[in-house]
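Student: I am attaching a structure below and will ask some questions about it afterwards.
The values are calculated or read from the model by the stated rules, or taken from the named source; none is laboratory data. On a predicted model such as this, the values are computed, not experimentally measured, just so you know. Reconstructed Cβ throughout: ideal geometry from the backbone, glycine too, with neighbour counts over all protein chains shown. Side chains included, ligands, DNA and RNA excluded: accessible areas come from the protein's heavy atoms. Shrake-Rupley method; radii C 1.70, N 1.55, O 1.52, S 1.80 Å.
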Amino acid sequence: DTGVSQNPRHKITKRGQNVTFRCDPISEHNRLYWYRQTLGQGPEFLTYFQNEAQLEKSRLLSDRFSAERPKGSFSTLEIQRTEQGDSAMYLCASSLAFTGESTDTQYFGPGTRLTVL
Amino acid sequence: AQRVTQPEKLLSVFKGAPVELKCNYSYSGSPELFWYVQYSRQRLQLLLRHISRESIKGFTADLNKGETSFHLKKPFAQEEDSAMYYCALRLGKAAGNKLTFGGGTRVLVKP
């Protein structure tokens, strides 16, 4: 499968624990996005990377959230001291964009569903 | 801040009937508009974008800047069109490349 992959697909944790999710983008895609989707809502933007640089962070991304893309390939999203309100589907997307182009298509992964008890 | 509104949570139509999903956005500039679709147990995927001006799977959508709308239409719905549909907006390169999504409309096409 050459699409965006995310691991794990499901994560159940207790409140206060730390969790880490991984996203593997489509090979050679230079942009990588994280979104969060709660029940009955559309995805909400969290952050995005161009290669290894984190270029934008949403105000939804509190200090407990951190994302990295150390080598410009896969990315991790860590949530520290999880809260019940963090329960959601976490989606990753990647795209290939060329300098000066603003019409890249974002390809989504299957998501990681987080449940905080 | 930009916002995307999809007023219908659920649209139920019979096979062969027309279907129209409404999408309104709030932004004073010239955004890019998209429709994404999520079929049962599948990932979110792009259906169409306004700059392409193409018909995908029989669906079309026209950007109306005066009414700030980007409604999705199909003249004859098929059962395989049953899915969750999301309208999304992107402000473009200068304002970042993130997508702002609406709340989604579930389409159910009955036989």
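Student: Pop out the ³J(HN,Hα) list for region B:44-59 in order, Karplus 6.51 cos²θ - 1.76 cosθ + 1.60 with θ = phi - 60°, rounded to Hz; leave Gly and Pro as x.
Tutor: Working through the residues one at a time gives 5, 9, 5, 9, 7, 9, 5, 6, 7, 6, 10, 9, 10, 6, x, 8 Hz.
Student: Further, regarding this structure: For region A:23-83 and region B:65-83, what is the centre-to-centre distance using only Cα atoms, to the nearest Å?
Tutor: For region A:23-83 versus region B:65-83, the Cα centre distance is 30 Å.
Student: Sticking with this one: Could you tell me the accessible area of B:M84 in Å² (1.4 Å probe, neighbours in place), rounded to the nearest ten?
Tutor: Roll a 1.4 Å probe over it and B:M84 shows about 30 Å².
Student: What fraction of the Cα pairs in chain A, stated in percent, has a spacing above 25 angstrom? Don't skip to the end; give the middle numbers.
Tutor: Working: 1192 of 6786 pairs.
So the pairs more than 25 Å apart make up 18 percent of the total in chain A.
Student: Return P(r) of chain B (all Cα-Cα pairs; 5 Å bins starting at 0; whole %; ordered from short to long distances).
Tutor: Spelled out bin by bin, chain B gives 2, 13, 24, 25, 19, 10, 5, 2, 0, 0 percent.
Student: Could I ask something else about it? Run through region A:49-117 and list the trypsin sites (Lys or Arg not before Pro) located in a DSSP loop whose Cβ has at most 13 other Cβ atoms within 10 Å. Walk me through the numbers on the way to the answer.
Tutor: On the way: sites: A:K57, A:R59, A:R64, A:K71, A:R81, A:R113; in loops: A:R59, A:R64, A:K71, A:R81.
Passing both the DSSP loop test and the Cβ count: A:R59, A:R64, A:K71, A:R81.
Student: Determine the per residue accessible area of the protein assembly as shown with all protein chains present and a 1.4 angstrom probe, expressed in square angstrom. Walk me through the numbers before you get to the answer.
Tutor: Working: 11650 Å² over 228 residues.
Roughly 51 Å² per residue, with all protein chains present.
Student: Right, here's the next one. For B:K22, list the lysines whose Cα falls under 19 Å from its own Cα; do not include residues on the same chain fewer than 8 positions away.
Tutor: Of all the lysines, those that pass the test against B:K22 - Cα under 19 Å, at least 8 places apart if same chain - are B:K9, B:K57, B:K65, B:K73, B:K74.
Student: Now a separate question. Could you work out the equivalent-ellipsoid semi-axes for the protein assembly as shown, taking the square root of 5 times each eigenvalue of the Cα gyration tensor, largest first, in whole Å?
Tutor: Numbers: eigenvalues 175, 87, 53 Å².
Semi-axes from the Cα gyration tensor: 30, 21, 16 Å.
Student: Under a 5 Å amide H to amide H cut-off, with H placed in plane at 1.01 Å, what residues pair with B:G104 once short-range neighbours are removed?
Tutor: HN-HN under 5 Å from B:G104: B:Q6, B:C87.
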